[in-house]
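Visitor: This is the structure I want to talk about, given as structure tokens.
The values are calculated or read from the model by the stated rules, or taken from the named source; none is laboratory data. These numbers were taken from a predicted model, which means no experiment stands behind them. In this analysis, Cβ positions are derived from the backbone assuming ideal geometry, glycine residues included, and neighbour counts consider all displayed protein chains.
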Amino acid sequence: MKTWFKSFFGEDYFAIYRDAFPAEHTAAQVDGIVALLGLDAGARVLDLACGHGRHAIPLAKRGFDVTGYDLSEVFLERARADADAEGVTARWVHGDMRELPFDGEFHAVINIFTAFGYFEDPEDDVKTLRGIWKALRPGGRFLLETLHRDGLPARFQSQIAEKTSNGMVVLHEYVWDLARDVIDDHVTLIRPDGTRTEYTTSARMRSLHQLLALMPRAGLEPLVWYGGLDGSSLHLGSRRLVLISTRRP
């Protein structure tokens, strides 16, 4: 798991996931985030690995005090531009999630769309969680939304090809390294003119059982889990996993 995340989250990302985020889908996710966390009006929310503000901007539009934090300057520039275009005020902070600079500021921290488990050393995930603990107010909540690892083997495919609405072809070649429990995705983006760019991403898979054991190492107490941001029950066939934990005093 090399530092692929320093180069992958750039302009090509928008091409690869061009059709993956319809506005109505994002709106429903934001509804779920607000409902599952029980956010009060004006609550301070940290969107960790906020990307281009897909959730942070709608949350800010609803009156929450939102901070978006991301390593990608490309994403943050897009987030700032989109927020300005929509007349939305939010704070955008550049940085590595292992080095969170916050101390007791937030009622809630969210981490959405499998943006956790990117590091070669699993202890870096613990370091990230400890930063989340510190960023939260006592009693504040952390919402993690990720792949449901235990539901994945039954539908795992080693190759997927997709064509985007603007004629690009995206090839995914997946290798699940069972010894590390890491999925490597070799991504090839082929443009209509035939030019191509290749990337490799890596994400560590963790079951609910493993996440429940991991959170207390950072002082986070798991509270409840779901099969998605819609609040559905988690079962073996669930595609997504939502875990809500709280900061211990």
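Visitor: Looking for whichever is over 20 Å from GLY32 (Cβ atoms) and buried (at least 21 other Cβ atoms within 10 Å of the Cβ) here; the options are ALA154, ALA135. Which one fits? Quick ask: steps written out before the conclusion?
Guide: On the way: ALA154 fails: buried (at least 21 other Cβ atoms within 10 Å of the Cβ).
ALA135 is the lone residue from the list that is over 20 Å from GLY32 (Cβ atoms) and buried (at least 21 other Cβ atoms within 10 Å of the Cβ).
Visitor: In this structure, does VAL74 turn out to be of a type in the set (A, V, I, L, M, F, W, C), out of contact with any Cys (no Cβ under 9 Å at 6 or more places or on another chain) and within 23 Å of VAL224 (Cα to Cα)?
Guide: Working: of a type in the set (A, V, I, L, M, F, W, C): yes; out of contact with any Cys (no Cβ under 9 Å at 6 or more places or on another chain): yes; within 23 Å of VAL224 (Cα to Cα): no.
Judged against the criteria, VAL74 is not a match.
Visitor: Could you list, in sequence order, all residues of the stretch 81-94 that are touching a strand residue (DSSP E or B) at 6+ places or on another chain (Cβ under 6 Å), in a loop (DSSP other than H, G, I, E, B) and surrounded by fewer than 16 Cβ atoms within 10 Å (Cβ to Cβ)? Walk me through it before giving the result.
Guide: Pass one, the stretch 81-94, residues touching a strand residue (DSSP E or B) at 6+ places or on another chain (Cβ under 6 Å): 90-93.
The next check asks that each one be in a loop (DSSP other than H, G, I, E, B); those that pass are 90.
Of everything in the stretch 81-94, nothing turns out to be touching a strand residue (DSSP E or B) at 6+ places or on another chain (Cβ under 6 Å), in a loop (DSSP other than H, G, I, E, B) and surrounded by fewer than 16 Cβ atoms within 10 Å (Cβ to Cβ).
Visitor: How do the pairs read when you match residues in the stretch 199-213 that are under 18 Å from PHE119 (Cβ atoms) with residues anywhere that are among the small types (Gly, Ala, Ser), using Cβ under 6 Å and keeping only pairs 6 or more apart or on different chains?
Guide: Short answer, once both residue conditions are applied: ALA203/GLY117; ARG204/GLY117.
Visitor: Go through the stretch 36-56 and count every residue that is surrounded by fewer than 23 Cβ atoms within 10 Å (Cβ to Cβ) and part of a helix (DSSP H, G or I).
Guide: Residues in the stretch 36-56 being surrounded by fewer than 23 Cβ atoms within 10 Å (Cβ to Cβ) and part of a helix (DSSP H, G or I): 2 in total.
Visitor: Could you list, in sequence order, all residues of the stretch 34-63 that are of a type outside the set (D, E, K, R) and within 23 Å of ALA15 (Cβ to Cβ)?
Guide: Start the filter on the stretch 34-63 by keeping residues that are of a type outside the set (D, E, K, R), which leaves 34-39, 41-43, 45-46, 48-53, 55-60, 63.
The answer is ALA49, CYS50, GLY51, HIS52, GLY53, HIS55, ALA56, ILE57, PRO58.
Visitor: Okay, moving on. Can you find even one residue in the stretch 118-126 that is closer than 23 Å to LEU241 by Cβ, among the charged types (D, E, K, R), out of contact with any helix residue (DSSP H, G or I) (no Cβ under 6 Å at 6 or more places or on another chain) and not assigned by TED's automatic domain parsing to the domain that holds VAL30? Working first, answer last.
Guide: In the first step, residues of the stretch 118-126 are kept if they are closer than 23 Å to LEU241 by Cβ; the result is 118-126.
Subsequent filtering for residues that are among the charged types (D, E, K, R) retains 120-121, 123-125.
This time we only want the ones that are out of contact with any helix residue (DSSP H, G or I) (no Cβ under 6 Å at 6 or more places or on another chain), so: 120-121, 123, 125.
Now narrow it down to the ones that are not assigned by TED's automatic domain parsing to the domain that holds VAL30: none.
No, there is no match, as no residue in the stretch 118-126 is closer than 23 Å to LEU241 by Cβ, among the charged types (D, E, K, R), out of contact with any helix residue (DSSP H, G or I) (no Cβ under 6 Å at 6 or more places or on another chain) and not assigned by TED's automatic domain parsing to the domain that holds VAL30.
Visitor: Please pick out the residue among PHE142, PHE119 that is outside any strand (DSSP E or B) and surrounded by 14 or more Cβ atoms within 10 Å (Cβ to Cβ). Before the answer, list the steps.
Guide: Working: PHE142 fails: outside any strand (DSSP E or B).
Testing whether each residue is outside any strand (DSSP E or B) and surrounded by 14 or more Cβ atoms within 10 Å (Cβ to Cβ) leaves just PHE119.
Visitor: GLU221 is checked against (1) at pLDDT 95 or above; (2) assigned to a loop (DSSP other than H, G, I, E, B); (3) within 22 Å of LEU39 (Cα to Cα) and fails just one. What number does that condition carry?
Guide: Tallying (1) at pLDDT 95 or above; (2) assigned to a loop (DSSP other than H, G, I, E, B); (3) within 22 Å of LEU39 (Cα to Cα), GLU221 fails exactly one: (2).
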